């Protein structure tokens, strides 16, 4: 048996290689640099690596002008226009996430520490039992958790590979690479340690189950087609030479793993608990970037590998989308915690995005890409604002909705910016959310899914109630006696809020440049 070394097109893989290289360098920084030097080194390394990766994506997109795409690593990875659009979006969201993770100046005195020390979102001693002496000593000496930077970079690397994978085995590896760091990061909250660890454990256990379903689905499709290559599976489906029942079982199992990652009903139960328990910067990053990567992989499977089975998978996705929009919207109305309300809002938005996937046409692909781009910025910005609202007694985040009464009157800028994100989620004109929803609903209508569009419009109208309710609470309700304060963050969080608010408004007022990019990225390499 003659084995040949695989051919690796390093240029095509350069964005992913840069990110993984930076992640490995971050591990070495943790191993060899003094603790006092790690924070600055990790921040510069992470932001520099992400900037270099963005530049690499731009160069690849420029060189790809006029072509559909290219395969790499003997067909395991494909670099086409949708993959590059999604990778650029993930990298930009990753930059915003790193800026939030790097925030170390939140709040005034707490735990007896000077302002700006020990008030970040991450525990200083993750391996210690919550409340143990080791954790208290780490807090007292002002230890800063910097392992979060390489973990985040590994997650971003997996997210870049997930929507670009061209065979199911590579896609599974990417799924695990992006998931494992997130399981760890969710358990590192500085306060409410037990709640954070519970969130991490729940995410890990349910994520392991979903990954197993994905792997079983890949095995079934391999048994059906004799290959794990997406285009090879599509050829077998088109020829009708395989056993269709095996293909449908494999598709259903794959769908379980993907629906878990995007947070669709009935695989959404982890989202509110994990979003609430995880450190808020991780929640912001995960809520945006994971959804972008997972929807990219979903689009590739259904648009590249299984387009000929659309008559079989579309009814299932119809039911999932309707349940996701309805349950996400109705449950969000009853929430009394801001983070849980945003979590169920994310579930509802998953249903809206699925309408673009169900369209099954080029308009559906481009509108889904635009929606993911716009939603990513609004989500990061909304959670960034949540992280700034703090209890005056202990400096903890104050997410009880009733305690946000009068917040907009006391802090007008914060109230207006958070209202902008809420209006975008509601789909109000002159925000990115309106253009996003209009695009996916229009594509779904062109694809023959008019009833689904009607459900989406009704769900959007109901969702507007609980978004506007928060705005009314902030501006037209008297604050409680011990009302929380909005602390002044460093330039890092300020930059995140400023950029995301500007993009949210700009995409509503002048969306055409990003729409053009999405329209130019509406064809997979098949």
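Below are the figures for this structure:
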| read-out | value |
| --- | --- |
| Which listed residue, of 413, 435, 417, is modelled with pLDDT of 90 or more and surrounded by fewer than 20 Cβ atoms within 10 Å (Cβ to Cβ) | 413 |
| Enumeration of residues in region 1-39 that are in contact (Cβ under 8 Å) with a residue 60 or more places away in the chain, part of a loop (DSSP other than H, G, I, E, B) and over 20 Å from residue 86 (Cα atoms) | 6, 7, 8 |
| Residues (in a helix (DSSP H, G or I) and in contact with a strand residue (DSSP E or B) (Cβ under 7 Å, 6 or more places away or on another chain)) located in region 65-82 | 81 |
| Criterion (surrounded by fewer than 19 Cβ atoms within 10 Å (Cβ to Cβ) and under 21 Å from residue 317 (Cβ atoms)) met by exactly one of 221, 246, 254 | 246 |
| Residues being touching a strand residue (DSSP E or B) at 6+ places or on another chain (Cβ under 6 Å) and within 24 Å of residue 54 (Cα to Cα) - total across region 166-187 | 3 |
| Hey, residue 290 closer than 23 Å to residue 155 by Cβ and touching a strand residue (DSSP E or B) at 6+ places or on another chain (Cβ under 7 Å) or not | no |
| Only one of 300, 314, 310 that is closer than 25 Å to residue 80 by Cα, out of contact with any helix residue (DSSP H, G or I) (no Cβ under 7 Å at 6 or more places or on another chain), in a helix (DSSP H, G or I) and in contact (Cβ under 8 Å) with a residue 12 or more places away in the chain | 310 |
| Hits in region 182-226 (condition: modelled with pLDDT of 90 or more and part of a loop (DSSP other than H, G, I, E, B)) | 186 |
| Criterion (farther than 18 Å from residue 506 by Cβ and surrounded by 24 or more Cβ atoms within 10 Å (Cβ to Cβ)) met by exactly one of 352, 377 | 352 |
| Output for region 224-243, where each listed residue is farther than 23 Å from residue 357 by Cα and buried (at least 18 other Cβ atoms within 10 Å of the Cβ) | 224, 225 |
| Test: residue in region 55-71 that is crowded, with 20+ Cβ neighbours inside 10 Å, within 18 Å of residue 174 (Cβ to Cβ) and at pLDDT below 90 | yes |
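Each row is one residue, and each column tells you yes or no for (1) in contact (Cβ under 8 Å) with a residue 12 or more places away in the chain; (2) closer than 14 Å to residue 373 by Cβ.
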{"site": "57", "(1), (2)": "yes, yes"}
{"site": "67", "(1), (2)": "no, no"}
{"site": "75", "(1), (2)": "yes, no"}
{"site": "86", "(1), (2)": "yes, yes"}
{"site": "90", "(1), (2)": "yes, yes"}
{"site": "98", "(1), (2)": "yes, no"}
{"site": "101", "(1), (2)": "yes, no"}
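The values are calculated or read from the model by the stated rules, or taken from the named source; none is laboratory data. Computed from a prediction, not measured in an experiment: that's the story for all the values here. All Cβ positions, even for glycine, are placed from backbone atoms using ideal geometry, and neighbour counts span all protein chains on display.
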